[in-house]
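Student: This is the structure, below, for whatever I ask next.
Throughout, read-outs are computed from the coordinates displayed, never taken from laboratory work. From a predicted model like this one, the values you see are computed outputs, not experimental measurements. Note that each Cβ is placed from the backbone with ideal geometry, even for glycine, and that neighbours are counted across all protein chains shown.
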Amino acid sequence: MSNETAMNGSISYQEALGKYHIQKQSEKGFPAVELSLDEKQLLTEFHPDHRHETITNLQVGPNKGDRCHKQIADVLQADSRIDAADLAGARIRETDVLVIGGGGAGCAAALMAAESGAKVILTTKLRLGDSNTVMAEGGIQASIEKGDTPQSHYNDTLKAGHQKGNKELIKKMVMDGPETIRWLIQQGMQFDLNQFGDLLTRKAGGTTANRVVYFRDYTGLEMMRVLRESVSNSDIDVWDYSPAVELLSNESGHCAGAIISSLEECRYIQIKAKTVIVATGGIGRVHLNQFPTSNHFGATGDGLVLAYRLGAKLRDLDSFQYHPTGVAYPQHLSGTLITEGVRSSGAFMINALGKRFVDELKPRDIVAAAIIRECREGRGVAGNNGMRGVWLDTPGLEAGNPGIIKQRFPKLMKLGLKSQIDITQVPMLIYPTLHYQNGGVVIDENGQSSIEDLYCVGEVSGGIHGRNRLMGNALLEIISFGRRAGAHAAKNRKSRGHKQISIDHISNLRRELMQNGMPMSTKSPLLFPEYAQYDSEKNITIRNSSTPHCGVCD
Amino acid sequence: MNNVLLHSDSQVDKLGQWLNGNGGDGLANALSDPDAIIPVLKEAGLRGLGGSGFPAYKKWQFVAEQDANPDKYLICNGNEDEPGTFKDAYLLSNSPHQVIEGALITALANNINKIVFYINPEQKVSLEKIRNAVEQWQTSNFFNQLETALEKPLNIRVMASSGHYIGGEETAAIESVEGNFPFPRGKPPFPAISGVHGCPTLINNIETLANVPHILKNGAPWYQDLGRGDSAGTKIYCLSGDVLKPGVYELPMGTPLSELIYTHGGGMLLDKKIKAVFTGGASSTILTPKDIDVPLDFDSVKERGSSLGTGAMIVVSEGTGIVKRVTEYINFYAHSSCGQCPPCKTGTFYMSQLLNKIDTGQASQFDLESLINLSKILPGSGRCHLLDGAMHLVDSSLMHFIDEYKSSLRP
């Protein structure tokens, strides 16, 4: 954060707050704005994805030669945590379908697989539901409104992703939209309704229709609540505190299970499975470009690494989403997400001069780049800890719609309380936060990767969102593709008669690393992020750069 | 290295290229004097390279002598399904013409009129390449000349095998070609007397056939000189496991194991020490570091109590559990047993259960003793060699690594 915000001066918090009030009172609102740069130029100059010094080309693996963020390359090109000798005496369990990851995608996949009659084990690094799904606030997209169509949803998604999304995947997802909402309601999920009991919708940035359905500003939490209950009420065998440290492969390179590190027993367990669904989420906790992140503690890109080692093709490894509205101040909450729903409901973003500088409902990459531009060009607000940002005009939203914040955004209210700010009176200081991995494992319409019997769903997969994701499409994707993968994996659960099930594919990785003269000292998957300590006196976060002890048996 | 079968002139897709390079002369020589083919092979010392090491000419003589039945079959065995073996797939997909020319010469030598390319269905590229190449041969002049020499129409069929491991066994392949499940048959009658539909049938491995045109072209002395020591010809070794550069290497028959691993294979991965080498895919036995100097030919490896098999060398480094490896192989055998012979069906299953128990640290001394006893009494009780292969592997691992088994037992 501090690197990114080393900008040409800025205006102090108090001074900016003064200007904010004056502006607001004198003008009673803000006029429409036009960007002084075209969007492409804005992205090129200010979006973190375009910082050339952070991009490298991969030297080993199926994506050799492809562009990749340096920090992602470091984990993809690291040595395995385990060796064949570590598996001596390891217990072996067998199942039809192994689901790795206990977030929304993993649960949806596991539920569908179990419903199809497969024996399912779901392993999760922390606890069931401890995931980025619960952090999703704004809602879930589905074209259910009159006048809206899946075609418009498709067009919006493809456009927001800069035409780089996989059209087949987008088509499947948008067509699944309405059915996905129905399924969630059948599971028991609540949504905000109008007085007639119809689903309320709102508009996401970069879309042409009101298409986001939601529950308060904790849609993901509500979704996870019902998915957890459904999983608990099924025959799915859930293993908490059991991160996967490696996939198992057979002699032809098919995926055949995984090695699980049981944190409670402090030992490795082999799970042999006919099909494996990886739903481990994203990689925000790697803090790309030193950005704060909205991501959950477990988002360390484990699935990406495991799939890559087995030979799965990845895509768009240089494209990430920086959510425009992350908390910038106070620092111990930095990176915490403020839902796009606030902007959808009409809140403006204001710079330190009290001016609006971008249409807040542009796609996220444009808005994030616009905020970074304001800060870099000296129109940002300086928090008293060196953090910079711009205002999110919650008082303006409240003034126009009295009571809306308390009613619709209870989580935001609570965030204000934690920050000791009355957000109905004082705007919050925000700055983009690392939010989402746009790319990931290449999949087909059933979530199958390029490796036989390996499925990847949710944030670990890539292709749907192109190079920028719309609000509400992540929750739709995890359920849509989670269910698709679960059903297909269950159907595909044939006994293969493997000659050998092992971690031999690790030798290929080591071979390539050695032949390319790359260091073998770093190990991945990370499993747990670096620890950070918050110094309350100085109001700063100290990140420990050494490899953390993560409780795994190593 | 790569002087004959893997020579770049041999690795061509178009028949024209093959005939302009290494190809055609062998078949032309054969056509000019078909009766000389078998004597030339005998003098050259070509052996069955699918694992048996049985002199090729002997097998051919049996078939050539049969004249009661107007039809005779040649099965070109590309079922290749053993762990660590990938040479036939490589040959079929990279140099289909030398394999086909070998098959045509073989047919001529034995008066065979029905050739079946029997290929593992997983090897889709091989199937496509060989189909394509067969079409090219069928429209060439050679094909007419062959039919004239045989005095009957020559039929070539390319078929995908059932994909079962056991389908590579000779009599199982015959069943497969007849359209049945690949249950191995009892012998006798031997395939040379009564094979596919009761006709005399010759079954040769792909690598064996690929050598034939080169021998007929260059002569027996040339082939003998290719080998080292008393061995003749070259061998394609499939090097895999914990080496830096795994792959297929065509080297003189009798090249020492150390040379294969360190000179050609780039040495050990992470510079670890060698713990064991599983030879010839799973149906063979284990070599240990003391055997590192062994010349890799059929007889020398046999002297060390192991066998060369298909020429696959799966190198295992220190830090790898032998019990786990053997368990994986036996799991595979248990799954692959066709179930015809009760000792094999139940024996491999029970061995697999015992090994899994030992591997996961839950077995007692009694279990280990059961394993040892089974490995002594089971060999020889199956119709084919699947059970024997499995037991030899267990036996070999018990001989070299009994301490590792003991240390895996429950305290």
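Student: Considering only DSSP states other than H, G, I, E and B, which trypsin sites (Lys or Arg not before Pro) in segment A:426-498 qualify as loop sites with at most 16 other Cβ atoms within 10 Å?
Tutor: In loop regions of segment A:426-498 (DSSP not H, G, I, E or B), the sparsely surrounded trypsin sites (Lys or Arg not before Pro) are A:K494, A:R496.
Student: Still on this model: Taking a cut-off of 19 Å between Cα atoms, list the aspartates and glutamates near B:K302, but don't count ones fewer than 8 places away on the same chain.
Tutor: Within reach: B:D230, B:E259, B:D291, B:D293, B:D388, B:D395.
Student: Here's another thing I want to ask about it. Defining a contact as two alpha carbons under 8 Å apart and six or more residues distant in sequence, what relative contact order in percent does segment B:322-407 show?
Tutor: 34 percent
Student: Show which lysines lie in cross-link reach of B:K273 when reach means a straight Cα distance below 20 angstrom and same-chain residues fewer than eight apart are skipped.
Tutor: Within the straight-line cut-off, B:K273 pairs with B:K245, B:K290, B:K324.
Student: When each pair of different Cα atoms in the protein assembly as shown is counted once in the 1/r mean, what is the Kirkwood radius in angstroms, to one decimal?
Tutor: Across the protein assembly as shown, the inverse of the average 1/r is 31.3 Å.
Student: Report the local net charge at A:L412: Lys and Arg +1, Asp and Glu -1, summed over other residues whose C-beta lies under 15 Å from its C-beta.
Tutor: Local net charge: +1.
Student: Put a dot 7 Å past each Cα toward the Cβ at A:R127 and A:N516; how far apart are the dots in nm?
Tutor: 4.0 nm
Student: So how far, in whole Å, is the C-alpha centre of segment A:487-518 from the one of segment A:385-439?
Tutor: When both Cα centres are located, 46 Å separates them.
Student: Sticking with this one: Give me D for segment B:162-309 in µm² s⁻¹, whole number, from Stokes-Einstein with Rh from the Kirkwood sum over alpha-carbon pairs, 20 °C and 1.002 mPa s.
Tutor: D = 122 µm²/s.
Student: Straight-line reach from B:K152: which aspartates and glutamates have a Cα under 20 Å away, not including same-chain ones fewer than 8 places off?
Tutor: Correct list for B:K152: B:D33, B:D35, B:E65, B:D67, B:D71, B:E101, B:E135.
Student: If the limit is 22 Å between Cα atoms, which of A:K125/A:K164; B:K58/B:K114; A:K159/A:K203; A:K159/A:K411 go over it?
Tutor: As for pairs spanning more than 22 Å Cα to Cα, those are A:K125/A:K164; A:K159/A:K411.
Student: Compute the longest continuous run of chain B that contains no exposed GluC sites (Glu not before Pro); treat a site as exposed when its DSSP state is not H, G, I, E or B and it has at most 12 other Cβ atoms within 10 Å.
Tutor: Answer - B:179-411.
Student: If I take all pairs of Cα atoms in chain B, what percentage of them are more than 36 Å from each other?
Tutor: The answer is 25 percent, as a whole percent.
Student: Separate question: List the cysteines in chain B whose Cβ has no other cysteine Cβ under 4.7 Å from it.
Tutor: B:C76, B:C199, B:C238, B:C338, B:C384, each lacking another Cys Cβ under 4.7 Å.
Student: Quick one: of B:K59/B:K87; A:K491/B:K129; A:K499/B:K275, which pairs are farther than 29 Å apart, Cα to Cα?
Tutor: Over 29 Å apart, Cα to Cα: A:K491/B:K129.
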